[in-house]
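For reference, the structure discussed in these notes is given below.
Just so it is clear, none of the values below were taken in a lab; they were calculated from the coordinates. Computed from a predicted structure; not experimentally measured. Note that each Cβ is placed from the backbone with ideal geometry, even for glycine, and that neighbours are counted across all protein chains shown.
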Amino acid sequence: MEYEIRRSARRSAAIEIKNDAVIVRVPMHYSDAMAKELVKKHRGWIEKKLRQIDERKKDAALKGFSDEKLTEAEIRRLKNEARKAFPERIEKYAQLVGVTPGKISFGTAKTRWGSCSAGGNIRFNALLMLTPDPVIDSVIVHELCHIKQMNHSKRFYEEVVRVFPEYRKWNGWLKENGKYLLQRL
């Protein structure tokens, strides 16, 4: 099994699987033999993770999703498209929710589709531009409702569904398929 050893001023060893590569992160004092023993000890876990990555790629291809990493230029293009596409939708749903959002920004978080600060500032993941329009609407409504309710309570979801009745359907689409888009970062 191939792996890369990375030494640093850390206290403990760890194994990371990143883009099909096995990275063994160890303290400076670790010998190559110690790193090799660590890999040997965790071989089953490593092989399981590599199989999962391979299965996810095959599944993504079957569903028509690319597993190619997005370039910086592509990410910039998605952010620019989002800056043009979102304002009208945000305005529409903000009126229905009855809120006024603060600053709106776009990023490429690896685990979130949107976030809302206590001050009403909202950040959206630009990868939403790769999803169907109703998915975008569901995330916009979700984040706008956080301006009223900074939690995920029953009342919060009642408000989300009141404004966007198909929320559960499209949120389900995102839960099922979003991982294929996030792996492109």
Task: Kirkwood hydrodynamic radius over Cα pairs of segment 72-182, then Stokes diffusion coefficient at 20 °C and 1.002 mPa s, in µm²/s - done: 154 µm²/s
Task: Relative contact order (%) - segment 133-174, alpha-carbon pairs under 8 angstrom, separation at least six - done: 55 percent
TODO: Within the chain, what's the longest run with no trypsin sites (Lys or Arg not before Pro) in a DSSP loop and at most 11 other beta-carbon atoms within 10 Å? Give the range, please.
DONE: 111-185
Open item on the list: Just to confirm a number: summing +1 for Lys and Arg and -1 for Asp and Glu over residues other than Glu4 whose beta-carbon lies under 13 angstrom from that of Glu4, what do you get?
Closed with: +1
TODO: Please report, in debye to the nearest 20, how large the charge dipole of segment 72-182 is about its Cα centre when each Lys and Arg carries +1 at its beta carbon and each Asp and Glu carries -1 there.
DONE: 260 debye
Open item on the list: Just to be sure I understand: with springs between alpha-carbon atoms less than 10 Å apart, which residue in Val26, Val163, Val135 has the highest mean-square fluctuation in the Gaussian network model of the chain?
Closed with: Val26
Open item on the list: Net charge around Val135, counting only other residues with Cβ within less than 15 Å of its Cβ (Lys, Arg = +1; Asp, Glu = -1)?
Closed with: +1
- [ ] Of the listed pairs Lys110/Lys154; Lys18/Lys58; Lys63/Lys84, which have alpha-carbon separations greater than 19 Å here?
- [x] Lys110/Lys154; Lys63/Lys84
Task: Trp45, Trp113, Trp173 arranged by Cβ crowding within 10 Å, fewest neighbours leading - done: Trp45, Trp173, Trp113
Open item on the list: I need Met1, Met129 ordered by Cβ neighbour count within 10 Å, fewest first.
Closed with: Met1, Met129
- [ ] Using θ = phi - 60° and the Karplus relation 6.51 cos²θ - 1.76 cosθ + 1.60, list the HN-Hα couplings for segment 49-61 in order, rounded to whole Hz, with x at every Gly or Pro.
- [x] 5, 5, 5, 4, 5, 4, 5, 5, 5, 5, 4, 4, 5
Task: Net charge of Cβ neighbours under 12 Å - reference Cys116; Lys, Arg +1; Asp, Glu -1 - done: +3
Task: Given charges at beta-carbon only (K, R positive; D, E negative), |dipole| of the chain in Debye - done: 560 debye
Task: Under-5 Å amide H pairs with Val22, H placed in peptide plane, nonlocal only - done: Glu4
Task: Pair Phe156, Asn19: separation of 7 Å Cα→Cβ label points (nm) - done: 3.4 nm
